[in-house]
Structure formats: C-alpha cells, structure tokens
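Just so it is clear, none of the values below were taken in a lab; they were calculated from the coordinates. Computed from a prediction, not measured in an experiment: that's the story for all the values here. FYI the Cβ positions are ideal-geometry reconstructions off the backbone, even for glycines, and counts take in every protein chain you see.
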Amino acid sequence: MNLRPLTPTELRVLGTLMEKARTVPDTYPLSLNAVVSGCNQKTSREPVMNLSEAEAQAALEALKALHLAIESHGSRVARWEHNLQRALTVPEQSAVLLGLLMLRGPQTAAELRLNAERWYRFADISSVEGFLHELAERPADKGGALTLLLARAPGEREPRWTHLLGGPPAIEKEAAGAHPESAAGRFDPTTERLERLEAELAALQATVARLCAELGLSPAGRDAGTDRATTAG
C-alpha cells in the first residue's frame, strides 16, 4: 500500500489509537474524547501537543479515508480503532515499533525495547533491530521503506531510528548504510557492537532492578556480597 505522507496530527492520532489498543484494551475502541485525551498526554509524547476535538476528528476522518482507522457505531458515540497492521501488512512487532516512533520521535533500538514493554516484550535488542531493518528494507512493491536509521549525532553513543510515515525526516541525516567517519577515524563495527551490548546490559539491569523492587528483594549481587562479608566476619 502506497501512502501519502501523514501530517503530525494524523501521526499523533494514529499512534494514540495503536497505544491504547495495547495498554487499555478494556476501553478500546476509543471515543473522540478519549482520542483527544490520549493525544494530549504530557508523558510518553514527543513533542507534547494540544489538539482540539475538531483537529482530532479531522485527522480520524483522514485516516479512515486511508484505511488506517475504522469507525464503529455500536454505542451512543462513535468509536475508533486503528487498522495499520492490515493496511500495511506488517506483523505485530513492527506495528509496535512504528507506533512508538510516531508517539516518541526518533529512538535507539535499546530505548525502543524499554519503551515497548507495555505494548510488547521483545526478547532482546537484536530482535528489535531485526524488525527495524526489515521495515527499512521493505520492497517498493509493498510500499517501500517505513523506517530509517539516522547517522549518529555528535555526543550520542548510538544512532537513532525514525519512521517514514510522515515522509523523509525534516533534517536530512545520513542513513547507517554509509556510516560517517568519526573524529578518531573511520567507523569501527567492533566499537558499535560493544556499545550495543553495553546498552543491552544496561536495559537488562534496569529490568532486574525493577522486578526486585516490585518483589521487595535486593539485587542478587548485593545479597551475595553481604553474605560473604558476614561469613568472613
């Protein structure tokens, strides 16, 4: 399916429908009021927006015309749901990544894995990268690329990914297929791999710390160190 570039408002509305389908399924599909509230959230949104009901309604109608949203009238008010996966013929994992990029802007693979936790639990960062690359290499007969790996910006440890549903990025950046030379010399794939592994380790440590906090436990390493100190004493 070949799409015209979506507007920022259409992207926010579509991303919100995709998020709420996964995070609050009991209240999905959404009423217009719920769509507006979700679009204007102050958290998990980049940038923060302040859409009116009229703007959200216009975006919903436009998405409906593109077969990206479906309207139902089974209750007193019209309710809306997204149709992205069927319209673009992409799997659940790819849809999750596109939705997060729509709502939060460009992100690294590690950030996407962490931010996706309430939507879908990816096994590791490599899995995220696999789906992102698949979207970036989508053939023209299926509508072309839907993601792009941006060049690593100065001061950043990892390159970020962006979606292409709104057209090419406003600031043109070099795709990772041709990595820019760093100040220290040419791009080193070993360095990138180490940095990716470090990011994955940090993500795992954060997950373990969160689970320990929920269970009221201390991290295993800390307990073991305490036990050894007690035994030695």
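In this simple spin-label model, placing a label point 7 Å from the Cα along the Cα-to-Cβ direction at both Glu156 and Ala209 gives a separation of 2.3 nm.
Report D for the range 1-89 in µm² per second (integer): Stokes-Einstein, Kirkwood Rh on Cα pairs, 37 °C, 0.692 mPa s. Mind showing how you got there, number by number?
Details: Rh = 13.0 Å.
Estimated via Stokes-Einstein, D reaches 252 µm²/s.
Where does the range 28-159 land on Rg(C-alpha)/(2.2 N^0.38 Å)? Write down the numbers at each step before the final one.
Working: Rg = 16.3 Å, N = 132, 2.2 N^0.38 = 14.1 Å.
That ratio works out to 1.16.
Measuring nothing but alpha carbons in the range 112-175 and taking Rh as the Kirkwood radius, the Rg to Rh ratio lands at 0.99.
For the range 108-145 versus the range 59-107, the spacing of their alpha-carbon centroids is 17 Å.
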